[in-house]
Amino acid sequence: MERKQVLTLPEKNRVLSVQAQNDTIMLWTMLEEIEAMRILDYNIYIVGTGWKIEPEFNNRDHIGTVKLSGFVWHIFKDKEGF
């Protein structure tokens, strides 16, 4: 699993939930009307329990924890965006 993921979404969105579905980590967002919005890239970070976390994680928001295949994954996003 890659530690950093890039999601491409309309700029006005809100994270609703992060959960496991069909052995995959899924993220759901609520979007406003998409037609007139810019599309942006957002950074998402996946960190396993017990992994070393760098100091820059102090500038990221925790958006969920997912239990999947015997592991516990913590999902973060950059404070900007979303």
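Given the chain, what count of lysine pairs have C-alpha atoms under 19 Å apart, with each pair 8 or more places apart or on different chains?
Lysine pair count for the chain: 9.
What would the Debye equation give as log₁₀ I(q)/I(0) for the range 1-40 at q = 0.22, 0.31 Å⁻¹, counting only Cα atoms as equal point scatterers?
-0.81, -1.09
So if R0 is 25 Å, what FRET efficiency would N43 and K67 give, r being the distance between their Cβ atoms, rounded to the nearest 0.05?
Details: r = 23 Å, r/R0 = 0.92.
E between N43 and K67, to the nearest 0.05, is 0.60.
Can you compute the modelled spin-label distance between W51 and T29, with each label point 7 Å from Cα toward Cβ, in nm?
2.0
If I take every Cα pair under 8 Å that is 6 or more residues apart in the chain, average their sequence separation and divide by the length, what percent do I get for the relative contact order?
Details: 151 pairs, mean separation 27.8, N = 82.
Relative CO of the chain lands at 34 percent.
Counting other C-beta atoms within 10 Å, which of S17, S69 has the fewest, and how do the rest follow?
On the way: S17 12, S69 7.
If I rank by nearby Cβ atoms, fewest first, I get S69, S17.
Just the projected area, averaged over all directions, of the convex hull on the alpha carbon atoms of the chain: how many nm²?
Values: hull surface 22.7 nm².
Directional mean of the projected Cα hull area for the chain stands at 5.7 nm².
Applying the Karplus parametrisation 6.51 cos²θ - 1.76 cosθ + 1.60 with θ = phi - 60° to the phi angles of the range 51-62, what ³J(HN,Hα) value in whole Hz is obtained for each residue in order, glycine and proline being reported as x?
Each residue's phi maps through the Karplus curve to give 6, 5, 10, 6, x, 5, 5, 5, 9, 10, 9, 6 Hz.
Please arrange H62, H74 by how many other C-beta atoms lie within 10 Å of their C-beta, fewest to most. Provide the component values of the computation, followed by the final result.
Working: H62 13, H74 18.
Exposure proxy ranking, most exposed first: H62, H74.
Throughout, read-outs are computed from the coordinates displayed, never taken from laboratory work. Here the structure is a predicted model, which means the values were calculated and not measured. A quick note on method: Cβ atoms are made from the backbone with ideal geometry, for glycine too, and the neighbour counts reach across all protein chains shown.
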